[in-house]
1. Identify all residues within region 316-357 that are aromatic (Phe, Trp, Tyr), in a helix (DSSP H, G or I) and over 12 Å from Ile56 (Cα atoms); write none if there are none.
2. Could you pull out the residue among Ala259, Ala244 that is aliphatic (A, V, I, L, M) and farther than 25 Å from Gly172 by Cβ?
3. With respect to the numbered conditions (1) basic (Lys, Arg); (2) part of a helix (DSSP H, G or I); (3) at pLDDT 90 or above, which one is the sole condition not fulfilled by Arg286?
4. Considering region 100-145 alone, what residues qualify as being within 14 Å of the chain's Cα centre (by Cα), assigned to a helix (DSSP H, G or I) and either modelled with pLDDT under 95 or charged (D, E, K, R) (or both)?
5. Does Glu344 count as surrounded by fewer than 17 Cβ atoms within 10 Å (Cβ to Cβ) and under 25 Å from the mean Cα position of the chain (by Cα)?
6. For Ser249, all conditions in the list (1) under 30 Å from Leu50 (Cα atoms); (2) at pLDDT below 95; (3) among the polar types (S, T, N, Q); (4) surrounded by 17 or more Cβ atoms within 10 Å (Cβ to Cβ) hold save one; what is the number of the exception?
7. Can you work out which of the residues in region 184-204 that are farther than 15 Å from Leu280 by Cα and touching a Phe, Trp or Tyr at 6+ places or on another chain (Cβ under 9 Å) is modelled with the lowest pLDDT?
8. For region 70-99, which residues satisfy the criterion of being assigned to a helix (DSSP H, G or I), more than 23 Å from Glu53 (Cα to Cα) and not aliphatic (A, V, I, L, M)?
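The values are calculated or read from the model by the stated rules, or taken from the named source; none is laboratory data. Remember, it's a predicted structure, so these values are computed and weren't measured experimentally. Cβ sites come from the backbone with ideal geometry, for glycine too, and all protein chains shown count toward neighbours.
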Amino acid sequence: MSKQTAEKATAVGAEEQSSTDVADNKVDRATLQREQAAAKERQKSRLGALEPEALIELYRQMILIRRFEEKAAEVYSAGKIGGFCHLYIGQEAVAVGTLSALRKDDYVITSYREHGHALAKGMTPESIMAELYGKATGCSKGKGGSMHMFDKSLNFLGGHGIVGGQIPLGTGAAFASKYQGTDQVTLCFFGEAAVNQGAFHESLNMAQLWKLPCIYICENNQYGMGTSLERAMSLRDISKKAYAYEMASEFVDGMDVLAVREATARAVERARKDYLPTLLEIRTYRFMGHSMSDPGNYRTRAEIEKYQERDPIKLFSASLIEEKIADEKQLKEIDAECRKQVEESVRFAEESPFPAPEELYTDIYANPIDPSARKQ
């Protein structure tokens, strides 16, 4: 693919980029309101591409993720779960929009902020909450915790704690699909800080060279832990990094679930038909700190509030109501159902047993340790 073609693909979402760059304190209230109105109109123009039932399902999934993450924060603060816990609040449109464009047999691999992806891929709240609690009924038998969700039956290849470590693995999964002659695609998620890792560039080069059906999803929430994108990256338009490999790319408004879905659908078609990779830079924003232990003092309250006004759930619910696809009562009922589902997941987790002590010696690379066989 030529640089000109890549530039054309990027231009599809370029007009939406300004509406996501609202962290600049120089943006006044009137300008912000105009950008929000324009973003809503763009989203409303996309509603006709899906049936009402499908649109409402997208809303339900985003609300389920939001309520699950809020409850995870609550039980974490109460000391019921431990270890690291990275919440997805604010980024729901990315996981829901991208995964809604996939088939069930497609592969997904992601970083450690993966509760939302796990739910959107079809994992149950019970299995995820139990994993957070470290219980034997968790999706990883209580051994993985927040950062290592996994479900082979759904081709969800897990969250990975090493920054950028999952990118070569996702590339390998895509290679396997092509080698076996299937038309399965792989979605590989990572944050913008991982783009500075050498593994990112090596993987993109290999994927384009070998024509692999891998879609690289950069969830650009604009902060790598406490370091802003502006302080860490010389070329801040991440989608342009694909030019070096003549790879198709797009910039996408990550606060619009339909924009995310449409961009992913284009990338999926490219991967299935031609075994070609794509880089999607999906600009979003996390409303919480990097993890539960992060007070977030590196951001101003004003900056966070600006993004909260473009909350993807708030934007989508307003579009559904204004276009008479759903009413407030219906959306409130969906919210209540999701809250109940999350509460049931907590009850399930709290009533589940911890792993047995002998589980220390299962699911490991080395043979089980036999103390009686140790040489004196």
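1. Taking region 316-357 first, the residues aromatic (Phe, Trp, Tyr) are 316, 348, 354.
Now drop any that are not in a helix (DSSP H, G or I), which leaves 316, 348.
Within region 316-357, Phe348 is the sole residue that qualifies.
2. Details: Ala244 fails: farther than 25 Å from Gly172 by Cβ.
Matching residue, one of Ala259, Ala244: Ala259.
3. Here Arg286 clears every test but (2).
4. Lys121 - this is the single residue of region 100-145 that is within 14 Å of the chain's Cα centre (by Cα), assigned to a helix (DSSP H, G or I) and either modelled with pLDDT under 95 or charged (D, E, K, R) (or both).
5. Numbers: surrounded by fewer than 17 Cβ atoms within 10 Å (Cβ to Cβ): yes; under 25 Å from the mean Cα position of the chain (by Cα): yes.
Yes.
6. (2)
7. First, the residues of region 184-204 that are farther than 15 Å from Leu280 by Cα: 184, 196-199, 202.
Adding the requirement that they be touching a Phe, Trp or Tyr at 6+ places or on another chain (Cβ under 9 Å) leaves 184, 197.
Details: Gln184: 98, Gln197: 93.
Here the residue is Gln197.
8. The first filter runs over region 70-99 and keeps only residues assigned to a helix (DSSP H, G or I), leaving 70-77, 92-99.
Within this subset, residues satisfying the condition of being more than 23 Å from Glu53 (Cα to Cα) are 70-77.
Residues satisfying the conditions are Glu70, Lys71, Glu74, Tyr76, Ser77.
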